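Scroll down for the structure; my scribbles are underneath it.
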Amino acid sequence: MANDTSGILIRPHLTEKTMKSAGRRSEYAFVVAKTANKRQVAAAVAERFHVTVADVRVLNMPRKERRRGRTIGWKSGFKKAVVVLANSQTIEMQ
């Protein structure tokens, strides 16, 4: 798998907490593929947004139980990557 970054970044993970850290510390959160590693995430962000990546942290978010009355279901878990950019660069998130 040489330089194939398609399918690594699924979507930006936009919450109040991630938007605050994006403004202060140039940290951006993305939902990534379950099989992605740190190097693949860094390459995908650098290629897609034309920025320099300084650090990547990867977390596996657990699935959560959801109830609707007596019916119990599960919200699936996902893999999240927090990317720190170098030289106070920014990404335009929408």
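The values are calculated or read from the model by the stated rules, or taken from the named source; none is laboratory data. Small disclaimer: the values here were computed from a predicted structure and weren't measured. Here the Cβ positions follow ideal geometry from the backbone for every residue, glycine too, while neighbour counts run over all protein chains shown. We work out accessible area using only protein heavy atoms, side chains counted, and drop any ligands, DNA or RNA first. Shrake-Rupley method; radii C 1.70, N 1.55, O 1.52, S 1.80 Å.
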Inter-residue pairs, beta-carbon under 7 Å, first acidic (Asp, Glu) and in the stretch 51-64, second surrounded by 13 or more Cβ atoms within 10 Å (Cβ to Cβ) and in a strand (DSSP E or B), 6+ apart: ASP55/VAL84
Wholly enclosed strands (runs of 3 or more DSSP E) of the stretch 1-78 bearing at least 1 residues open to solvent by less than 70 Å² (accessible area, probe 1.4 Å) and touching a Lys or Arg at 6+ places or on another chain (Cβ under 7 Å): 9-12, 27-32, 53-61, 71-75
Members of the stretch 1-44 that are polar (S, T, N, Q) and farther than 17 Å from VAL84 by Cα: ASN3, THR5, SER6, THR35
Number of the exception - ASN87 against (1) in contact with a helix residue (DSSP H, G or I) (Cβ under 7 Å, 6 or more places away or on another chain); (2) open to solvent by 100 Å² or more (accessible area, probe 1.4 Å): (1)
